[in-house]
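All remarks here apply to the structure that follows.
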Amino acid sequence: MTDTMEAFDFEAVANELRPQCEALIAQYERPRSALLPIMHLFQARQGYVSQEAMEFAAGLLQLTRAEVEATVSFYTLFFRKPVGKYVLQVCRGLMCELRGADDILAYFREKLGIGHLETTEDGMFSYEEVECLASCNRATCMQVNLEFVYDLTPAMIDDMLAAMRAGTYHVKPMVQTQTPGRTWKVKQDGEVGTGRKSPGTRTSSDPNNAGGVGDPTGVIMLDTIVLRNAAFAARSRERFVRDASQISEIIDEDGGIINAGH
């Protein structure tokens, strides 16, 4: 599909949203706590959480881009790539399965011509098969742009899709500032086990280092352990213990490591 949308002016939108972002930050003791509502603001305006939005939030909250991306990627309600105007999330939980979800899922795939985590060619619909939506008494169910729809039947699906295409459906379409691709999967999500890094960590000198935030060497963490005579805890087979004799490694009062054994 040819992209005929006007170019999205991120800088202008960021400047417009900055006062709201600062007001959100002021509500919390720790500025970082405002990250999620700030990301919701940008998704509502852009249709997804872009790399620019994450970079803006990182600068505003004095976080690394990796910290912001790690948070955004954890929550499935954030889309890191453009999606359709209607995100159709159909439940495949146990109760829905017992009430015929397999047939409903198959009907959606047939009518839309796409599968799980895919978007139609015209950019209208994005389809996802999700786990339990906690509306078991109204199975089978789904969400349309996070609004619940219950007691699904093929006839309901036909009417729903027709109303969405006609622009008469009661749920508003999502903002769409960029034409979505076939899928909104993020490539890096499938590469966790390969050792490849997400964009937010590629500029870090040592992204695998376990040091604390703002402490790439890990020195602050080590000093905390040594200077506070940190007590370690371990689990026996029977109970939670704080007995040093049952802990493989502990730090003594002088900062040395004792191999205590089990």
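Counting only residues that are under 13 Å from Phe56 (Cβ atoms) and of a type in the set (A, V, I, L, M), which one in the range 26-43 is surrounded by the fewest Cβ atoms within 10 Å (Cβ to Cβ)?
That would be Leu41.
Across the range 44-55, which residue is surrounded by the most Cβ atoms within 10 Å (Cβ to Cβ) among those that are within 17 Å of Ser73 (Cβ to Cβ) and under 15 Å from the mean Cα position of the chain (by Cα)?
Among those residues, the one meeting the criterion is Met54.
Scanning the range 157-189 for residues that are exposed (fewer than 13 other Cβ atoms within 10 Å of the Cβ) and closer than 15 Å to Glu69 by Cα, which turns out modelled with the highest pLDDT?
Ranking the candidates gives Lys187 first.
All but one of (1) assigned to a helix (DSSP H, G or I); (2) in contact with a Lys or Arg (Cβ under 8 Å, 6 or more places away or on another chain); (3) surrounded by 19 or more Cβ atoms within 10 Å (Cβ to Cβ); (4) hydrophobic (A, V, I, L, M, F, W, C) hold for Ala58, so report the exception by its number.
(3)
Against the definition (out of contact with any Asp or Glu (no Cβ under 6 Å at 6 or more places or on another chain) and over 25 Å from Leu117 (Cβ atoms)), how does Gln20 come out, yes or no?
Yes.
Looking at (1) under 30 Å from Phe10 (Cα atoms); (2) under 25 Å from the mean Cα position of the chain (by Cα); (3) at pLDDT 95 or above; (4) surrounded by 17 or more Cβ atoms within 10 Å (Cβ to Cβ), which is the one condition that is false for Val149?
All conditions are met except number (1).
The values are calculated or read from the model by the stated rules, or taken from the named source; none is laboratory data. All values reported here derive from a predicted model rather than from experimental measurement. Don't worry about glycine lacking a Cβ; one is built from the backbone with ideal geometry, like all the others, and counts go over all protein chains shown.
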